[in-house]
Amino acid sequence: MTDFSLISNEALRGEIEEFVTRPAEIERNLRVFSRAHPRMQAIALAVIEGEHHLCDRLTREALEAGHVAIEVMDDGLIAGMGVVGIKFRENFIFVPEVLACARAMKSGMAHIEPILSASGVPPAGKVVMGTVKGDLHDIGKNLCIMMLRGAGFEVVDLGVDTAPDAFIDAVEESGARLVGMSALLTTTVPNMGRTIEAFIDAGLRDDVQIMVGGAPVTQEFADDMGADGYGKDALACVAEAKRLLGINA
Amino acid sequence: MSQPISPMTSRQRVLAALRREPVDRTPVCNPTSVATVELMDLADAFFPEANRIPEKMANLAETSYTELGFDTIMPVFSIIQESSALGCKIQWEQKDNWPTVKMREPIWRDVEDIRIPPDLLTHPDTACVTEAIRILRRRHGDEVAIIGKTMGPWSLAYHGFGVEPFLLMALDDPGKTMQVLERLKEVTIAYGLAQIEAGADALTLPDHATGDLVSADYYRRFLKELHAEFAARLPVPIILHICGRTVDRMPYIAETGMAAFHFDSKNRPDESMAAVCGHCALVGNINNPETLFARDPEQVEAEVLANLEAGIHLVGPECAIPLQTSIENLRAIPRAVRAWHSAGGGARCHHHDHSHNNG
């Protein structure tokens, strides 16, 4: 029997009860939020509700009250963004709402990042992301980046119209072991395969995992071009990133 | 029992289908781009010039009728013509890619920034389309339906503000968003009227309030009334085009007075027919990336049949055809339509339409 009353914040409890339906995800959220301090639950709720001014203030207050940055990030901001991803995947919310939630998350992370950076806490993983050459569309890639950052990843965002060499340079400069490529146009999907070939030619293919996604991309296309992973949406992108880097969910 | 229908020209067939009247056979139509690299070679008209030079635009566009056997000609291969005239920066690309607005370099930040330039209709990139329509009308007379394209205000706002800033504006400040749409609707109307005056029989009106980005409620709150206004003020059949999952907003679309909705393969033909409930025609919805681009004619024909059996009024690709699509796959569409009607499917189709008109 699922005991939602373990989550003390009533509004947060309502969010989990109403929008999280998969047993494994219910269990994970109960595990995280039942042990989370009420301040962290309030921060998570501010992210879920896209309240960036509130999230900014609550994060600052939590740090001032003596909570450590990693706790605020994991139990507040990241845990909240996890619920946002589920609501987006299940079509309870759409892109404008996700953008507002990501803005809230960012307002909190602005307080957290300098502390983590100074203390040398490593990110969950490092990913190079870009829309491939010839393609100027970035909303899908940006949603993936929001969810990746929301899950604690450090992301190097190469933007749009990214040449194969730019992906390679970014991997060499950042030391990232995971590359994500996006395309919206059928005309530019082949450039994903060309970028993978460029990694082979540069002798770097064995050093990186490569995942692909975008409206015209399918698992079949991903397999044909030799990608290591495919995500059909932003939440699947995070799951693929964790799988490819061997990070436990 | 349906009466036999006299043979129709392509133009008569398309216009009748857009009015949901009986047709001699289901028309084959793509209200978005039919350009492919193979067709560019045949017409000796290549991107990017075919997007900017009227003669080349017309030469490439008419291949849908002369080479593929479609019932429509649609000379606009991209969604950038009026955005270029509005001042957006364009990446024109080459033969193997579509031109695109550089949305990461937005030209507007607020309502007051929106200026509709006096040369909106005479700018080379908008005038190219109206001139191409005139050329096509002269060449083809009344044989074939010529469809123009005027972008809706929601899509124009993506181009001018950038997708993310505009979507956040819609959430944060609905009042300002409505002001933006009200201002931009005059572009939609003016460019639509110019193409009608040049000889367009119908207009595609892309306005990408897709389920991949926003909820159906956004469509209801921001666009339903505006789209009804377009249907009322533009005196030809309007074909609304929205990519992606849209079945949740089709009932609203069906109430706007739009003649037709061009729908994506993410929506099944039967559920889409149920959603519009006989209040507008449907155009579509053969899958582009997985079928037309990547499969063979047999799979294309199977999707055509699924549309015909569902009673879809005009059959064709779901959106702009991928540029590397084979001519063989495209020719399979009209071939499958004709074969279905020859086998008696047409009688079922007329009966289906008739019952909708009375329903």
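Overview of values
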item: Segment B:Ser342-B:Thr122, extension gain: residue separation times 0.36 nm, minus the distance between their alpha carbons; result: 74.5 nm
item: Convex hull volume per residue in cubic angstrom - Cα atoms of chain B; result: 115
item: Where the Cα pairs of segment A:8-119 fall when distances are cut into 10 Å bins, in %; result: 16, 50, 29, 5
item: Convex hull (Cα only) mean projected area of segment A:126-245, reported in nm² to one decimal; result: 5.9
item: Cut-off 11 Å between beta-carbons: net charge of the residues surrounding A:Thr188, Lys and Arg +1, Asp and Glu -1; result: -2
item: Value of relative contact order over segment A:126-245, rounded to a whole percent, pairs C-alpha under 8 Å and six or more apart; result: 28
item: Nearest-20 debye value, the protein assembly as shown charge dipole, Cβ charges on Lys, Arg, Asp, Glu; result: 980
item: Label-point separation, A:Glu172 to A:Arg35 (7 Å along Cα→Cβ), nm; result: 4.4
item: Counted charge near A:Gly130, where neighbours are those whose Cβ lies closer than 12 Å (Asp, Glu -1; Lys, Arg +1); result: -4
item: Total accessible surface hidden between A and B, rounded to 100 Å², 1.4 Å probe; result: 2200
item: Theoretical ellipticity at 222 nm over the protein assembly as shown - DSSP helices of four or more residues, -39500 (n - 2.57) apiece, nearest 500; result: -15000 deg cm²/dmol
item: Dipole of chain A [Lys/Arg +1, Asp/Glu -1 at C-beta], most positive-end residue of A:Gln219, A:Phe94, A:Ile112; result: A:Ile112
item: Acute angle (nearest 10 degrees) that the helix B:345-358 long axis makes with the longest principal axis of chain B, alpha-carbon atoms; result: 60
item: Residue-normalised accessible area of chain B, expressed per residue, 1.4 Å probe, Å²; result: 36
item: FRET efficiency for A:Asp3 and A:Leu245, using Cβ-Cβ distance with R0 set to 35 Å, rounded to 0.05; result: 0.60
item: Rounded percent of accessible protein surface that carbon and sulfur make up, chain B, 1.4 Å probe; result: 51
item: 5 Å binning of all Cα-Cα separations within chain A, expressed as whole percents from 0 upward; result: 1, 7, 14, 17, 18, 15, 12, 9, 5, 2, 0, 0
item: Segment A:126-245, accessible surface, carbon-and-sulfur percent (1.4 angstrom probe); result: 47
item: FRET efficiency, 1/(1 + (r/R0)^6) with R0 45 Å, evaluated for A:Glu197 and B:Asp248 via beta carbons; result: 0.65
item: Per-residue ³J(HN,Hα) for segment B:149-165, Karplus 6.51 cos²θ - 1.76 cosθ + 1.60, θ = phi - 60°, Hz, x for Gly and Pro; result: 8, 10, 6, x, x, 5, 5, 4, 5, 4, 5, x, 9, x, 4, 5, x
item: Carbon plus sulfur fraction of accessible area for segment A:8-119, probe 1.4 Å, in percent; result: 51
item: Computed FRET value (nearest 0.05) for B:Glu49 with B:Arg220, which takes r as the C-beta separation and R₀ as 35 Å; result: 0.25
item: In sequence order, calculated HN-Hα J values of segment B:232-239 (Karplus, 6.51, -1.76, 1.60; Hz; x Gly/Pro); result: 7, 8, 9, x, 9, x, 9, 10
item: For segment A:89-115 and segment B:218-237, distance of Cα centres in Å; result: 33
item: Under Karplus coefficients 6.51, -1.76 and 1.60, residue-wise ³J(HN,Hα) of segment A:17-24 in Hz, glycine/proline x; result: 4, 7, 10, 9, 10, 6, x, 5
item: Rel. contact order, % - alpha carbon contacts under 8 angstrom, at least six apart, chain B; result: 20
item: 5 Å-binned pair-distance histogram of segment B:102-207 (Cα, whole percent); result: 2, 13, 20, 20, 16, 11, 9, 5, 3, 1
item: Local net charge near A:Gly140, Cβ-Cβ under 9 Å (Lys/Arg +1, Asp/Glu -1); result: -2
item: Surface/4 of the Cα convex hull for the protein assembly as shown, nm²; result: 28.5
item: Accessible surface, per residue, of chain A when the full set of protein chains is kept, probe 1.4 Å, Å²; result: 43
item: Distant-in-sequence amide H partners of B:Ala145 (H built 1.01 Å from N, under 5 Å); result: B:Arg11, B:Ile73
item: For segment B:182-214, residues shielded by at least 50 square angstrom of accessible area compared with the chain on its own, probe 1.4 Å; result: B:Leu213
item: Unmatched cysteines, chain A - criterion: no other Cβ of a Cys under 4.7 angstrom; result: A:Cys55, A:Cys101
item: Cβ-based charge dipole, chain B, positive-most Cα from B:Ala231, B:Asn97, B:Phe166; result: B:Ala231
item: Shielded by partner chains, segment A:86-117 residues - at least 30 Å² of accessible area, 1.4 Å probe, vs chain alone; result: A:Phe94, A:Val95, A:Pro96, A:Glu97, A:Leu99, A:Arg103
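The values are calculated or read from the model by the stated rules, or taken from the named source; none is laboratory data. Please read these numbers as outputs of a predicted model, since none were measured by experiment. Counting neighbours? That spans all protein chains shown, and the Cβs are built from the backbone with ideal geometry, glycine included. Note: areas computed on protein heavy atoms with side chains; ligands, DNA, RNA excluded. Shrake-Rupley method; radii C 1.70, N 1.55, O 1.52, S 1.80 Å.
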